Amino acid sequence: MLKPSGSMMALLGLIECPEIEGAQRISEGMAAKVLAADGTALTNFPSHFSFRITASLRKTLTILPEDSVTSTLEPEELLTHLKFRMRAYDGLRVREVEPESVQIIGVPADVPYDERIYRVQFAIKGLPITDRLVLDVLTPEGTQLTHFTFALL
């Protein structure tokens, strides 16, 4: 829930990464691994992938959230000013990874609308599949709205 407006915002996330289509996680305890569609073992995350994030003010929620976020922006304006931060965790070590690009796809930002779709693209090299990636969705003021996790192993 957005305050002070009282508007409800739904956030949905999807990973876009053709390199992992058809991949399978083979669970073998400590020897667990991820196999690509061609059967080769993956040792690193793909070097390019994107998150597709939908932010909507439409009445799609069936369960009311317990959390609220205060923003100085009107809800429709907030939809076009979301910020993103990705963190890569290796055990207790964490590092931030900057997006290669962030773009609104679909309805242009200057057209009034109650939903926006973002493509947040990343280019990373050599990140092991044992890491855990977390994409934070933030208000322009830096308040976290939600997060999405991307883990292969």
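Based on what the data block shows, is THR80 β-branched (Val, Ile, Thr), out of contact with any Phe, Trp or Tyr (no Cβ under 6 Å at 6 or more places or on another chain), surrounded by 11 or more Cβ atoms within 10 Å (Cβ to Cβ) and free of Cβ contacts under 8 Å to residues at least 40 places away in the same chain? If you could, list the steps in order and put the result at the bottom.
On the way: β-branched (Val, Ile, Thr): yes; out of contact with any Phe, Trp or Tyr (no Cβ under 6 Å at 6 or more places or on another chain): yes; surrounded by 11 or more Cβ atoms within 10 Å (Cβ to Cβ): yes; free of Cβ contacts under 8 Å to residues at least 40 places away in the same chain: yes.
Spelling it out, THR80 is indeed β-branched (Val, Ile, Thr), out of contact with any Phe, Trp or Tyr (no Cβ under 6 Å at 6 or more places or on another chain), surrounded by 11 or more Cβ atoms within 10 Å (Cβ to Cβ) and free of Cβ contacts under 8 Å to residues at least 40 places away in the same chain.
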Which one of these does GLY22 not meet: (1) assigned to a loop (DSSP other than H, G, I, E, B); (2) within 22 Å of ASP136 (Cα to Cα)? (2)
Within segment 136-153, considering residues that are part of a loop (DSSP other than H, G, I, E, B) and of a type in the set (Ser, Thr, Tyr), the one surrounded by the fewest Cβ atoms within 10 Å (Cβ to Cβ): THR143
Would you tally the residues in segment 1-43 being of a type outside the set (A, V, I, L, M), closer than 30 Å to ARG58 by Cβ and within 22 Å of the chain's Cα centre (by Cα)? 6
Could you check LEU78 against (1) modelled with pLDDT of 90 or more; (2) at negative phi; (3) in a loop (DSSP other than H, G, I, E, B); (4) out of contact with any helix residue (DSSP H, G or I) (no Cβ under 9 Å at 6 or more places or on another chain) and say which number it fails? (3)
If we scan segment 143-152, do we find a residue that is at pLDDT below 95, of a type in the set (A, V, I, L, M), in contact with a strand residue (DSSP E or B) (Cβ under 8 Å, 6 or more places away or on another chain) and farther than 16 Å from MET9 by Cα? yes
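From PHE84, PHE51, which residue is more than 26 Å from ARG25 (Cα to Cα), out of contact with any Lys or Arg (no Cβ under 7 Å at 6 or more places or on another chain) and at pLDDT 95 or above?
Values: PHE51 fails: more than 26 Å from ARG25 (Cα to Cα).
The unique qualifying residue is PHE84.
Within segment 107-125, restricting attention to residues that are touching a residue at least 40 places away in the same chain (Cβ under 8 Å) and part of a loop (DSSP other than H, G, I, E, B), which residue is surrounded by the most Cβ atoms within 10 Å (Cβ to Cβ)?
Out of the qualifying residues, it is ILE124.
Among the residues of segment 25-49, which ones are touching a residue at least 40 places away in the same chain (Cβ under 8 Å) and assigned to a strand (DSSP E or B)?
Narrowing segment 25-49 to residues touching a residue at least 40 places away in the same chain (Cβ under 8 Å): 25, 32-34, 42-45, 47-49.
Matches in segment 25-49: ARG25, LYS33, VAL34, LEU42, ASN44, HIS48, PHE49.
The values are calculated or read from the model by the stated rules, or taken from the named source; none is laboratory data. Just so it is clear, the structure is predicted and the values come from calculations on it, not from any experiment. Note that each Cβ is placed from the backbone with ideal geometry, even for glycine, and that neighbours are counted across all protein chains shown.
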